[in-house]
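This report refers to the structure that appears directly beneath it.
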Amino acid sequence: MQDHDQQLRNSWAQFCDSLKASGEIIFRETGPQSPNSKASGLRLLARNVSLAMQFEMENANPDFPELLHYFDPLRKQGGDNTDALYVGAPINGQHSYRLHGNKGSAAFFAVTVLENGDTPWGGQVVATLLGKDLAVDEAGNFELFISPQPKPADFKGDGKNWIQSSAKTYRITFRQFFADWANEQPMQAEIECLSHNATHPVFEPEHLQHGLQQSAHWIHWSVSYWADMIDHWKQQPNTFMSYGELEKNKIDFTPGGAPIIAYWQLPKDEVILVRVVPPKADYWAVEFGNYWWETMDYRYHLSNTNCHFAVLEDNGELCVLISHDDLGADNWLDPSGHEEGYITYRWIGAESYPKPSCEQMSVLDLKARYPQLLDRIDGEQRRQQIRQRRQGVVRRFGT
């Protein structure tokens, strides 16, 4: 008993020591120097304890997987889409799985099956199934099978809703991107493993030890990974580039159109005007976040727009304004107290993939050169926009 006690004490101590060491990432020389951003970085580490525990211990058994959401207003990382509900589960490429439920009505829906790999979010994508290709009944109900063989024992369909796993397959992810937050419905589904006979999982001391070790490793790895990534974009501020232009490792990003990203840095008395004509697309969105790749708090700040919310100019142009003060622009992005971060455009299922242009100037220059873009929204209208967004968040996450 004493030996076990010491092993458990050591595991907990090592976990705490690893978390303490990870705190130094926030004080890196290339990182933001403002107290606000450093505090947000430390909060990110604390938030990611929960996320890491879910991935590496609480929902890490592919024999007993659960479909759980990844990000929400209190857990963010890796440029999470403000419009999104990410749901996923661990799976074993040698096992067979049945997923079933109701697809919901999100503007964009995709299933991704992923192999383990060289990034915190895995490696090679095994297969992708877009919502338009998922067979559903008239009520939106579906069954989906994943297995190494083409005919699982319980499979009764025509083969359309089947994904063949590889030996390295380790996770399935559902992406649901909501354009109309007030009316689109999230998926309701569950997963079961068809390849084992055990009736319930048993939690042993070694599960705790392994889970704590892997969680601490994932926290340090993931926060460092994304901070290193934004430093690449930081070398060319206000310039949009895709993830693939800067990073050669395989990673699980959204199918149907890679996000294009720019780094921004904005003093209090300046603004950035971002302009582009959106292409025809199944879904498009503009996201906004801080240096640590966290979206701004989209419950209380306007930190994105999309194909439903955006107001276009008469010529079809989308004009997005980044400014610390609300100047009444239709498509305002609120830095929420941060002075640097990222902005992402997603064109999903688009006819083309245009890169926006950025123009940085003083507030005075903006008022002189583009007065027609300002004073379109008054204070009460802005408050109503935020109230409606917060109601949409509650609807999406069910809380």
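Can you tell me how many residues within segment 64-95 are of a type outside the set (Phe, Trp, Tyr) and under 15 Å from residue 190 (Cβ atoms)? Of the residues in that region, 10 qualify. For segment 1-40, a residue qualifies if it is of a type in the set (A, V, I, L, M) and either surrounded by 13 or more Cβ atoms within 10 Å (Cβ to Cβ) or part of a helix (DSSP H, G or I) (or both), and the qualifying residues are 8, 13, 19, 21, 25, 26, 39. Considering each residue of segment 320-329 in turn, at least one proves to be more than 24 Å from residue 81 (Cα to Cα), assigned to a loop (DSSP other than H, G, I, E, B), assigned by TED's automatic domain parsing to the domain that holds residue 267 and hydrophobic (A, V, I, L, M, F, W, C). If we scan segment 82-98, do we find a residue that is at pLDDT 95 or above, closer than 22 Å to residue 304 by Cα and in a loop (DSSP other than H, G, I, E, B)? So far as segment 82-98 goes, yes, one or more of its residues are at pLDDT 95 or above, closer than 22 Å to residue 304 by Cα and in a loop (DSSP other than H, G, I, E, B).
What about residue 299, is it on the phi < 0 side of the Ramachandran plot, surrounded by fewer than 20 Cβ atoms within 10 Å (Cβ to Cβ) and assigned to a strand (DSSP E or B)? When the stated conditions are applied, residue 299 does not pass them.
Checking the condition in contact with a Leu (Cβ under 9 Å, 6 or more places away or on another chain) and within 17 Å of residue 175 (Cβ to Cβ), which residue from 55, 71 passes? Step by step, each of 55, 71 is checked, and only 71 is in contact with a Leu (Cβ under 9 Å, 6 or more places away or on another chain) and within 17 Å of residue 175 (Cβ to Cβ).
Residue by residue, here is whether (1) surrounded by fewer than 20 Cβ atoms within 10 Å (Cβ to Cβ); (2) under 24 Å from the mean Cα position of the chain (by Cα); (3) not in a helix (DSSP H, G or I) holds:
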site: 335; (1), (2), (3): no, yes, yes
site: 341; (1), (2), (3): no, yes, yes
site: 347; (1), (2), (3): no, yes, yes
site: 354; (1), (2), (3): yes, yes, yes
site: 361; (1), (2), (3): yes, no, yes
site: 365; (1), (2), (3): yes, no, no
site: 391; (1), (2), (3): yes, yes, no
site: 394; (1), (2), (3): yes, yes, no
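Does residue 64 meet the test of being over 23 Å from the mean Cα position of the chain (by Cα) and in a strand (DSSP E or B)? When the stated conditions are applied, residue 64 does not pass them. Any residue that is in the same structural domain as residue 146 (by TED's automatic domain parsing), farther than 25 Å from residue 266 by Cα and loosely packed, with under 15 Cβ neighbours inside 10 Å - is there at least one of those in segment 80-90? The answer is no; no qualifying residue exists.
Scanning segment 275-319 for residues that are within 23 Å of residue 391 (Cβ to Cβ), in contact with a strand residue (DSSP E or B) (Cβ under 7 Å, 6 or more places away or on another chain) and of a type in the set (A, V, I, L, M, F, W, C) yields 284, 285, 286, 288, 296, 302, 307, 310.
Per this entry, residue 39 is counted among residues that are under 26 Å from residue 298 (Cβ atoms), of a type in the set (A, V, I, L, M, F, W, C) and without any contact (Cβ under 8 Å) to a residue 12 or more places away in the chain. In the set 214, 176, 209, only one residue is touching a residue at least 24 places away in the same chain (Cβ under 8 Å), assigned by TED's automatic domain parsing to the domain that holds residue 92 and either surrounded by 20 or more Cβ atoms within 10 Å (Cβ to Cβ) or not basic (Lys, Arg) (or both); that residue is 176. For segment 256-269, check the following and say yes or no: at least one residue is under 23 Å from residue 381 (Cβ atoms), out of contact with any Lys or Arg (no Cβ under 6 Å at 6 or more places or on another chain) and charged (D, E, K, R). Looking through segment 256-269, none of the residues is under 23 Å from residue 381 (Cβ atoms), out of contact with any Lys or Arg (no Cβ under 6 Å at 6 or more places or on another chain) and charged (D, E, K, R).
Identify, by number, the condition in (1) surrounded by 14 or more Cβ atoms within 10 Å (Cβ to Cβ); (2) over 21 Å from the mean Cα position of the chain (by Cα) that residue 375 doesn't meet. So the condition that residue 375 fails would be (1). Taking the conditions (1) touching a residue at least 60 places away in the same chain (Cβ under 8 Å); (2) among the β-branched types (Val, Ile, Thr); (3) buried (at least 21 other Cβ atoms within 10 Å of the Cβ) in turn, residue 277 satisfies each one other than (3).
The values are calculated or read from the model by the stated rules, or taken from the named source; none is laboratory data. Note that the coordinates shown come from a computational prediction; the quantities given were computed from them, not determined experimentally. We place every Cβ from the backbone using ideal geometry, glycine too, and count neighbours over all the protein chains shown.
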